[in-house]
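Heads up: the structure comes next, in structure tokens.
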Amino acid sequence: MTVSATHSAIDAVWRIESARVIAGLARMVRDVGLAEELAQDALLAALETWPRTGVPDNPGAWLMAAAKNRALDHFRRDKLLERKHEELAGEMELEQEIAAADHEAALIERMDDDIGDDLLRLVFVACHPVLSTEARVALTLRLLAGLTTDEIARAFLVPEPTIAQRIVRAKRTLAETRVPFEVPRKEDLAARLSSVLEVIYLVFNEGYSATAGEDWMRPALCEEALRLGRIVAELVPKEPEAHGLVALLEIQASRSGARVGPSGEPVLLLDQERGRWDHLLVRRGLAALQRAEQLDGRLGPYALQAAIAACHARARTAAETDWTRMAALYDALGQLAPSPVVELNRAVAVAMAFGPAEGLALVEALVSEPALSGYHLLPAVRGDFLAKLGRHDEARAEFERAASLTQNAREKKLLLDRAGAPNHKLRVVK
């Protein structure tokens, strides 16, 4: 394997394994900032070693072992302990040496403990109330999903420096306040649940439609988010929104196999072969939605989105989709959790239910929305509506603009193809 190919393999491994490595280290060292630094050291070791030795059979275990060794080295060369040794004498010095030995022994013991669900603990630490909601989500996306600050910024539709500052300050705050690395007790759980659900939601979305890179999807992120969502839902069985989120993720994940073509190209919702959907996941999703509905007759934002996804899941063909109900559900979602992105999605449902002219009128009202100024799906949707109305030159310009805004190579090609043939039938970008 060439050095370039090895580096590509390391990048892929890191995307998958970094969260587990950081979570395992955080359990050991009780400091997420230090855990991330030690994990990065292990990554550098891999970059130095694997081009010579090849990628190991179990690269995740290799990274974890390298990171553990660096954690031990960190504590062995702790300057604070050295200074204390120099200051103490006699019995006090002996006590300090014993304490240092005990500390290292405890660290090694923690390394060998049953790991449990370190990722879940890490999510709750990153979502601690000492942090702002925005910082909790940004930090967890950074630690859990291994997203870059640029990718997180695009998910939030805010400037990259803003996200970078949030992450740095969040790690500093967690270290200064010595937040325990544990799942919160029942009385503290509710306060952190909403931000935990938001984190899981955003992690899944990044896996479902990658913001950057060569791949249309990152299935490992979808699987991890879905796994964490199920765990959280069982942890808080009487919280309807936890089940609503799981319902949404199950139904969305059911389409994963049909969303990518033979060459990795995107396959949009109305073009998907529904026989390739995972109907076990569909049934699980519908069951979770029913559970959320039974717990609370008023659906929350995640349960409403799950109900929208269920409209697709229940339709045997794209033509049988109940777009009128979907538009009504988006209207309810917009009232409960208003956002420009929700309004853009509502415009798509309205266009499918009542015609592209109706949808275009809603989109035109969003063109001047600052939060959507760099959001590629706004011109993509507008291009769809214009093409359906026969305004092909305008549609072409919109698809080209959308292509210039996305950083995902697969999506860029899809949009440029649409620009080359804007008179194709209306599509749903999902």
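The values are calculated or read from the model by the stated rules, or taken from the named source; none is laboratory data. Only a predicted model underlies this, so the values are computations on that prediction, with no experimental measurement involved. Cβ atoms come from the backbone with ideal geometry, glycine included; neighbour counts cover every protein chain shown. SASA here: full protein model, heavy atoms, side chains in, ligands and nucleic acids out. Shrake-Rupley method; radii C 1.70, N 1.55, O 1.52, S 1.80 Å.
Between Pro356, Pro340, which is touching a Leu at 6+ places or on another chain (Cβ under 7 Å) and in contact (Cβ under 8 Å) with a residue 60 or more places away in the chain?
Working: Pro340 fails: in contact (Cβ under 8 Å) with a residue 60 or more places away in the chain.
The conditions single out Pro356.
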With (1) in a helix (DSSP H, G or I); (2) open to solvent by 30 Å² or more (accessible area, probe 1.4 Å); (3) basic (Lys, Arg); (4) over 21 Å from Val13 (Cα atoms) as the list, and Arg192 as the residue in question, which single condition is left unmet? (2)
Name the residues in the range 129-148 that are among the β-branched types (Val, Ile, Thr) and either within 13 Å of the chain's Cα centre (by Cα) or surrounded by 15 or more Cβ atoms within 10 Å (Cβ to Cβ) (or both), would you? Val137, Thr140, Thr148
Look through Leu329, Leu299 and report the one residue that is touching a residue at least 24 places away in the same chain (Cβ under 8 Å) and part of a helix (DSSP H, G or I). Leu329
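Which residue out of Glu187, Glu176, Glu182, Glu151 is open to solvent by 20 Å² or more (accessible area, probe 1.4 Å), part of a helix (DSSP H, G or I) and modelled with pLDDT under 85?
Numbers: Glu176 fails: modelled with pLDDT under 85; Glu182 fails: part of a helix (DSSP H, G or I); Glu151 fails: open to solvent by 20 Å² or more (accessible area, probe 1.4 Å).
On inspection, the qualifying residue turns out to be Glu187.
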With the condition kept exactly as written, say whether any residue in the range 178-199 is closer than 22 Å to Pro219 by Cβ, touching a helix residue (DSSP H, G or I) at 6+ places or on another chain (Cβ under 6 Å) and free of Cβ contacts under 8 Å to residues at least 60 places away in the same chain. no
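Would you check which residues across the range 283-299 are small (Gly, Ala, Ser) and either touching a Lys or Arg at 6+ places or on another chain (Cβ under 6 Å) or modelled with pLDDT of 95 or more (or both) and list them? Walk me through how you get there before you give the answer.
Taking the range 283-299 and keeping what is small (Gly, Ala, Ser), we get 285, 287-288, 292, 297.
Within the range 283-299, Gly285, Ala287, Ala288, Ala292 qualify.
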Any chance Ser209 is hydroxyl-bearing (Ser, Thr, Tyr) and open to solvent by less than 10 Å² (accessible area, probe 1.4 Å): no
So, in the range 124-148, how many residues would count as being part of a loop (DSSP other than H, G, I, E, B) and within 23 Å of Val236 (Cα to Cα)? 6
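Among the residues in the range 194-203, are any under 19 Å from Ile22 (Cβ atoms) and either modelled with pLDDT under 80 or in contact with an Asp or Glu (Cβ under 8 Å, 6 or more places away or on another chain) (or both)?
Pass one, the range 194-203, residues under 19 Å from Ile22 (Cβ atoms): 195-196, 199-200, 202-203.
Now restrict to residues that are either modelled with pLDDT under 80 or in contact with an Asp or Glu (Cβ under 8 Å, 6 or more places away or on another chain) (or both): 203.
Checking the range 194-203: at least one residue is under 19 Å from Ile22 (Cβ atoms) and either modelled with pLDDT under 80 or in contact with an Asp or Glu (Cβ under 8 Å, 6 or more places away or on another chain) (or both).
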Helices (runs of 4 or more DSSP H) wholly inside the range 1-103 containing at least 1 residues that are open to solvent by 50 Å² or more (accessible area, probe 1.4 Å) and either at pLDDT 85 or above or under 17 Å from Leu144 (Cα atoms) (or both): 3-29, 32-53, 59-76
Please work out if Arg382 is in a helix (DSSP H, G or I) and open to solvent by less than 50 Å² (accessible area, probe 1.4 Å). yes
Please work out which residue is modelled with the lowest pLDDT, limiting yourself to the range 249-278 and to residues that are touching a Gly at 6+ places or on another chain (Cβ under 6 Å) and part of a helix (DSSP H, G or I). Arg276
What do you reckon, is Ile231 β-branched (Val, Ile, Thr), assigned to a helix (DSSP H, G or I) and under 19 Å from Ile308 (Cα atoms)? no
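Would you mention how many residues in the range 324-347 are of a type in the set (Lys, Arg) and either open to solvent by less than 60 Å² (accessible area, probe 1.4 Å) or modelled with pLDDT under 95 (or both)?
Our first condition is that a residue be of a type in the set (Lys, Arg); within the range 324-347, this holds for 325, 346.
Adding the requirement that they be either open to solvent by less than 60 Å² (accessible area, probe 1.4 Å) or modelled with pLDDT under 95 (or both) leaves 346.
Within the range 324-347, residues that are of a type in the set (Lys, Arg) and either open to solvent by less than 60 Å² (accessible area, probe 1.4 Å) or modelled with pLDDT under 95 (or both) number 1.
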If you take the residues of the range 279-323 that are open to solvent by less than 80 Å² (accessible area, probe 1.4 Å) and of a type in the set (S, T, N, Q), which of them is farthest from Lys238 (Cα to Cα)? Thr317
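Listed here are the residues, each with its yes/no results for (1) among the hydroxyl-bearing types (Ser, Thr, Tyr); (2) crowded, with 21+ Cβ neighbours inside 10 Å; (3) over 25 Å from Gly207 (Cα atoms); (4) modelled with pLDDT under 95.
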site: Ala349; (1), (2), (3), (4): no, yes, no, no
site: Glu358; (1), (2), (3), (4): no, no, yes, no
site: Glu364; (1), (2), (3), (4): no, no, yes, no
site: Phe399; (1), (2), (3), (4): no, yes, no, no
site: Ser404; (1), (2), (3), (4): yes, no, no, no
site: Asp417; (1), (2), (3), (4): no, no, no, yes
site: Ala421; (1), (2), (3), (4): no, no, yes, yes
site: His424; (1), (2), (3), (4): no, no, yes, yes
site: Val428; (1), (2), (3), (4): no, no, no, yes
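Output the residue which, of all residues in the range 249-278 that are of a type in the set (Gly, Ala, Ser) and open to solvent by 30 Å² or more (accessible area, probe 1.4 Å), is farthest from the chain's Cα centre (by Cα).
Looking only at the range 249-278, we keep the residues that are of a type in the set (Gly, Ala, Ser), and these are 253-254, 256-258, 261, 263-264, 275.
Of the ones still in play, those that are also open to solvent by 30 Å² or more (accessible area, probe 1.4 Å) are 256-257, 263, 275.
Working: Ser256: 15, Gly257: 19, Ser263: 24, Gly275: 27 Å.
Checking each candidate, the answer is Gly275.
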Might you check whether a residue that is closer than 18 Å to Ile308 by Cβ and over 17 Å from the mean Cα position of the chain (by Cα) occurs anywhere in the range 191-206? no
Name, by its number, the condition in (1) open to solvent by 50 Å² or more (accessible area, probe 1.4 Å); (2) in a helix (DSSP H, G or I) that does not hold for Pro237. (2)
Can you tell me which of (1) within 30 Å of Gln407 (Cα to Cα); (2) open to solvent by 20 Å² or more (accessible area, probe 1.4 Å); (3) modelled with pLDDT of 95 or more is the one Val246 doesn't meet? (2)
